[in-house]
1. Rounded to the nearest 10 Å², what accessible area does B:His640 show when all protein chains are kept and the probe is 1.4 Å?
2. HN-Hα J couplings of segment A:72-77 from phi, Karplus 6.51/-1.76/1.60, θ = phi - 60°, integer Hz, Gly and Pro as x?
3. With θ set to phi - 60° and the Karplus curve 6.51 cos²θ - 1.76 cosθ + 1.60, what are the ³J(HN,Hα) couplings of segment A:81-90 in order, to the nearest whole Hz, using x for Gly and Pro?
4. Nearest 500 deg cm²/dmol is fine: what mean residue ellipticity at 222 nm does chain B get from its DSSP H runs of n ≥ 4 alone, each adding -39,500 (n - 2.57), divided by its residue count?
5. Please list, in chain and number order, the residues 5+ apart from B:Thr284 or on another chain whose amide H is under 5 Å from its amide H, with Hs placed from the backbone.
6. Give the nm distances, rounded to one decimal, from B:Glu407 to the matching residue in every other copy, measuring between label points 7 Å along Cα toward the beta carbon; shortest first.
7. To the nearest 10 Å², what's B:Val248's accessible area with a 1.4 Å probe?
8. Rounded to whole Å, give me the distance from the Cα center of segment B:348-379 to that of segment B:596-620.
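The values are calculated or read from the model by the stated rules, or taken from the named source; none is laboratory data. None of the values given here were measured: they were computed from a predicted structure. Quick reminder, even Gly has a Cβ in these numbers, built from the backbone with ideal geometry, and neighbours come from all protein chains shown. These area figures cover heavy atoms from the full protein model, side chains too; ligands, DNA and RNA do not enter into them. Shrake-Rupley method; radii C 1.70, N 1.55, O 1.52, S 1.80 Å.
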2 protein chains.
Amino acid sequence: PNLTHLTLMGVGASLYFKISVDFFAPLLYQEWARYGAFYKYQPIDLIRKYFGEKIGLYFAWLGLYTEFLIPSSVVGIIVFLYGCITMESDIPSKEMCDQEKAFTMCPLCDKSCDYWNLSTACATGRASHLFDNPATVFFSIFMALWATMFLEQWKRLQMRLGYFWDLTGFEEEEFSNACLDLCVLQQDEKEKLTWRDRMPGYLVNVASILFMITLTFSAVFGVTVYRITTAAVLSISKNESTRSNVRVTVTATAVIINLVVILILDEIYGAVAKWLTEMEVPKTEKTFEERLILKAFLLKFVNSYAPIFYVAFFKGRFVGRPGSYVYMFDGYRMEECAPGGCLMELCIQLSIIMLGKQLIQNNLFEIGIPYLKKLFRKLKDERTEKKENDSNHSKHPQQWDLDYMLEPFTGLTPEYMEMIIQFGFVTLFVASFPLAPVFALLNNIIEVRLDAKKFVSELRRPDTVREKDIGIWYNILSGIGKFSVIINAFVISVTSDFIPRLVYQYAYSQNGTMHGFINHTLSYFNVSHLKAGTQPDISQFEQEVIFCRYKDYREPPWSPNPYEFSKQYWSVLSARLAFVILFQNLVMFLSALVDWMIPDIPKDISEQIKKEKSMLVDFFLKEEHEKLKLIESFIMRDKHRNKGCSNQHILSAHPEALGIIVPS
Amino acid sequence: PNLTHLTLMGVGASLYFKISVDFFAPLLYQEWARYGAFYKYQPIDLIRKYFGEKIGLYFAWLGLYTEFLIPSSVVGIIVFLYGCITMESDIPSKEMCDQEKAFTMCPLCDKSCDYWNLSTACATGRASHLFDNPATVFFSIFMALWATMFLEQWKRLQMRLGYFWDLTGFEEEEFSNACLDLCVLQQDEKEKLTWRDRMPGYLVNVASILFMITLTFSAVFGVTVYRITTAAVLSISKNESTRSNVRVTVTATAVIINLVVILILDEIYGAVAKWLTEMEVPKTEKTFEERLILKAFLLKFVNSYAPIFYVAFFKGRFVGRPGSYVYMFDGYRMEECAPGGCLMELCIQLSIIMLGKQLIQNNLFEIGIPYLKKLFRKLKDERTEKKENDSNHSKHPQQWDLDYMLEPFTGLTPEYMEMIIQFGFVTLFVASFPLAPVFALLNNIIEVRLDAKKFVSELRRPDTVREKDIGIWYNILSGIGKFSVIINAFVISVTSDFIPRLVYQYAYSQNGTMHGFINHTLSYFNVSHLKAGTQPDISQFEQEVIFCRYKDYREPPWSPNPYEFSKQYWSVLSARLAFVILFQNLVMFLSALVDWMIPDIPKDISEQIKKEKSMLVDFFLKEEHEKLKLIESFIMRDKHRNKGCSNQHILSAHPEALGIIVPS
């Protein structure tokens, strides 16, 4: 609490600014904001000195997250390799490929589709083993603990930075722009916005968010309709090659449409969230930011994940059964998953959306759009410059002119949002796509330097903002971490074939091996029970087909209750649900244990803080003591020099002068 | 930071002590430590002044907990009344009672037991509806949220008390007795206990805890064996009335044995936990207490709840089925639940253990044992006094003699432990016993005054201890709260008949009503399949019994797989597990929402703290300003009086004297 310090800082501020630009900026560029420096640790303290605490914390967080992605990438690659290695020895996919004529499957569409042999889907069956093996169960437990560990370590790092950057006890309160005119008024006139004033804003808020979410769902539904109708149209095409590639064509185009819709809606939702938050008139800058983030996150989260959730948990579950299919809009059958299982499709969906989003949104948009804007501005400026050329004689533009030509800084929210949505891809569906951390890592290594470059050389230098933590982002991260546990539990138990395999092996298999699993998962259907007009027009099968097979656990045609769900169905369902309970509670328990075992404040920091507290008390006492001495020396001199004159009157007028300086 | 204050406090401390005893003690007794004052709020500030912060926090916590029990008691009573009112209209129990000869049940034991009519169990069937109705589902959700709310409110109250009692920023570090000789040595010689020194202690610890837990389980197992064998012995008794009351006799005696075992082991475990913690040589008093509490809690928790868990989740689940019963020790059949369902038995077990523990341990032990000790000590003292009577002439004993005759204070741990275990009864199994909060409330109203009386007039006045929170107890409470969610989910779904009823009503019932539910839950058994030698010796049934019924979902004898689990079994199991997932995640989500919505720091306190911070800065500046004036006045006088002499040398020797006092 040395007050001269403050004065000195005030005097030195402008000087400091000059130094920091001249000296730090090239240093930052050299050490940090180049792709060539990707292997180096970030100079966090330097970043904080140049950009302020808020941006410093962002890069520290991004650095820690990227670092944490390394072990998870390694484990992810190992899990993937395990899938590759064991693919050959996987009995179910072997049976699927080898027993060529064993399983005659029911047609995939009405009339125009023929019966087909399961062995033709051999390739997808094999591929799905890559992601659908016991190692992924281990990996999703690992990733749940990884997320907890990451958050704990971040808490510690934040604490450490907060200590070294002198942020403990710092609290910010600043009126927001939206509130400024209203709130200052309130302060003066002791008036408050009542709930009557705020109610319309809130109502519009809720209504708009619901509308936006409905919009997202409609988009997903629309793409589904596109997939169903296109598949139906293509499958009656006369072109042989078109017909054989229906699934690939439809899946690929649909995912791309999904991706485009996500990218477009993302931009719209960002603007809508801002508009809605302004309507709420939050009091301080901080609450404004928090509410904006919450809304934008909610909308963008739903937008990014809705198609993935659809594939993971809904696709292929409302198909009905042969002879009693579920139809949409008269005549279009609901879509099924590929024979390899829905997990394979989930994996494709996930990887394309994740990679596409990263490549297009994060890199192309972040590099391309600023570049275009700059170009546009330059062209405009050149045109105006030509006109002014006669009046303006200085040919070399000043530094401030150059700086002004840069793009303005628009806040950290988009940077965080991008990373948080990525964190979701890494944790939420990791059970179906163990390579997600690898792609995230590759992206982030570029991202760190890209952001750095942008901040150092492509944006106007942002105002420094003090901030002691990453605020609401932490809560969002921890929320995603918790949510991921239940999502992974459901992906493993419901989407993948892990549980049916286990049940078969331990309850139904004759000899404890997986032989006969494929046969066990396929139910029988008597072709004569097909509704009139839905039989295949032309069949290439030589013998007449009597029974066709389909993937479901239902009673065979010869049972007393044909096509009802069989006992197997219910026992597998029980096992699936039991697994969810077990998995969720085990992982939650382990996470709580990790959380409890890692202290929030690093030990050296907490000891340092304690030491400083006692030092402060010592210093205070010492200073008071010195003052006492000083005053005593005055009094002594007074007494020595004019002994006739008493100082008593001064001391009695200022009794606190003694009171303050008596150390116990 | 006024230092005179400190001095004054030092001087006044002994005076304060005198005042506090003379003045506070009778006041506390009058206002607080009487049963007559049960309706009054506790004078928390007075308690804190007399006993210190630690005990003050305990009573504040106990007060809040008791207050929170009021709404939950009211809701509990309403739920219970709902059960009473709807009992008449409950179709399943009506069917059970009315259709007298409809269900011939299989014998409950081999040879000596006869077939029986389900209608004879009519009374228990009706009674079980009291606790097994949809309202209990609502109630257990309510109680989970209640627990979260209670913990949140406690955080706020603790914050408020901490603020008013000046505990913010207070940190305690005191060496524990166990560590004292070792740790001080370490401090001096910079030596540390290495893991080699500590390893044996930890090993003994883990081994002992495992042994103790095994002991508890053995006790539960022993009681089970007692129940099985006694039931078997009694049921072949020749006395008619003995035979008809087998179940009541066995259940009652077994619960009492359970209770006695719990009470005895509780005392042993308390001592063991202390011994084990001393072996660990924890460094500070705080860690010592924390570890002791954790161990004692673990042991006592397992001890108190093991028999209840057994009844809730294991009893009656490994019985086998007629014709293939599971036998223990050759010839003793595993025990089944009463016809009313296990929930009824769980309720009886719970109420007797809870009430018995409260009455005996909390009240009898807490009043009786100190009284006996006092009596014993008095007798001993009187005997010695008689001998010393000749030498000692003062007949009226001094106050300190009287005080010394009181029992010493042994810490708050037993008081907290008692309440925490009770909190467990109130939250963990609330789905099966909605009256638990009522009994807890009644107990606590007495408990507050009992503890108060004990502290004021029966114990030596404890040393005051500063403490800013209730420490590890909070974590334990929050852990119990979280654990209770999953336990209640399982009690509702697995122990109660709630899910089977729902499944019957919506999936199997012909007309959507509950008619026929009893018939649906009973499987058929062909009497001729009974193993030789296990048929009833004498049957009082007039017609020959061909099929008897038993409570399970199994295939009938005429199916292709007789006595295998039926499809109903698996579908009900799926529904049960799905309910667990739904319940757990819903309640966790709601709790998180409540947690998030209630801020941890009350708004008035956080504003007060902010205000004080700025006041402190103002005060600091003002004081420095006044000092500056004072020094200036000295200098001025100096200049006026002897102008020839310069003060410059003093100021140049103490440049900080100016530096400190220049306000910006």
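1. 130
2. Each residue of segment A:72-77 in turn: 5, 5, 4, 5, x, 5 Hz.
3. 4, 4, x, 4, 5, 7, 4, 4, 8, 6
4. Working: 24 runs with 424 residues, N = 664.
Helices in chain B give a 222 nm mean residue ellipticity of -21500 deg cm²/dmol.
5. Sorted by chain and number, the residues that satisfy this are B:Ser176.
6. So the label point of B:Glu407 gives 7.4 nm to the other copies.
7. Using a 1.4 Å probe on the heavy atoms, I get roughly 100 Å².
8. 46
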